[in-house]
């Protein structure tokens, strides 16, 4: 096994910065490697686009543009989904060879086991080094079933079963538990108990409102209508959105809001939630988004979001979820099905339901169903997936197997 210059076993970490979900799942592992395993593992973090040059870099930009367009919904999403469904997860043809050109050169110069965020990267380098693919989603559509990975990290036995049925050997599937932000997992029980008490009380509830990173117009419209509904009923919502993005502009144009500021103290945030109905927490990147999540999550009694990576909150932290439609991409329908089967979520499938969200939530609260949704989503699954993956990698590398 090749070691780094300082004698520790080396690990490459390779991001593909499209969407939020795939890179988000790598973030949690990287943070734990930095804080708990830096003396055992020397790791180097890069992303596919920045490693590339010339035609390769231009082609990566096209891939990212195609992904963003497909994530907006509408006609582009239909074409994107058809293209993705028709593509073998192990495909390595002429376009992939161009995309992989500089990545392979980097791996040749740094021939360490490599952790990747996206299945597209696996066939590009799996003939050079051992590749670990972190599949953080509960859903496992066929696009995830790459055969060249040394190990695919999956959150649940149910996820493992899906990939096993597609021909991935069980020996290559490691069940980690749900990949939930470590700072949320650490305080999960305490926040859950406080949330149950609030759900059973009479005070206004606080909802978290989230779009996907692409902020599709269909999601944005429903979030605005739902926020108006909450404000009219004297309820409260915290809207998490890209700074000066489509959602923030629409929300501030149509609803009376107050902005959270990075300069706010925790006391400032608590005061704003107490005094205002609709608040905006805007961020420029995932790091800022995580900071807002850490600051404000403890106030949330339910959340509204598309069924992507935050699905984990509903089934692992006992935070009732309202699912934004349309369902975009191959993961969303499968995640939705999982949520509905476990009775931790309900749909916001059209604008009428969004306009009446406050009344829907009040009825659910009155009949105790909102409490049941929270109870159905807590204590059933391990929520320390990031920690288990970091430990697995450290053990693997230090055992000499890499």
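The values are calculated or read from the model by the stated rules, or taken from the named source; none is laboratory data. As the structure is a computational prediction, the values presented were derived from the model and not from experiment. Cβ placement follows ideal geometry from the backbone for every residue including glycine, while neighbour counts extend to all protein chains displayed.
Observations on the structure shown:
- Of residues in segment 173-190 being surrounded by fewer than 17 Cβ atoms within 10 Å (Cβ to Cβ) and part of a helix (DSSP H, G or I), the one nearest to the chain's Cα centre (by Cα): 183
- Screening segment 1-114 for helices (runs of 4 or more DSSP H) wholly inside it with 2 or more residues that are modelled with pLDDT of 85 or more returns the ranges 21-36, 48-51, 54-70, 94-109.
- Looking at 314, 358, 354, just one residue is under 16 Å from residue 211 (Cα atoms), part of a helix (DSSP H, G or I), more than 17 Å from the chain's Cα centre (by Cα) and not assigned by TED's automatic domain parsing to the domain that holds residue 137, and that residue is 354.
- The set of residues in segment 200-214 that are buried (at least 22 other Cβ atoms within 10 Å of the Cβ) and within 17 Å of residue 327 (Cα to Cα) comprises 209, 210, 211, 212, 214.
- Qualifying residue in segment 219-235 (condition: modelled with pLDDT under 95, under 25 Å from residue 284 (Cβ atoms) and assigned to a loop (DSSP other than H, G, I, E, B)): no
- Residue in segment 293-311 that is surrounded by the fewest Cβ atoms within 10 Å (Cβ to Cβ), counting only those that are assigned to a helix (DSSP H, G or I) and over 11 Å from the mean Cα position of the chain (by Cα): 294
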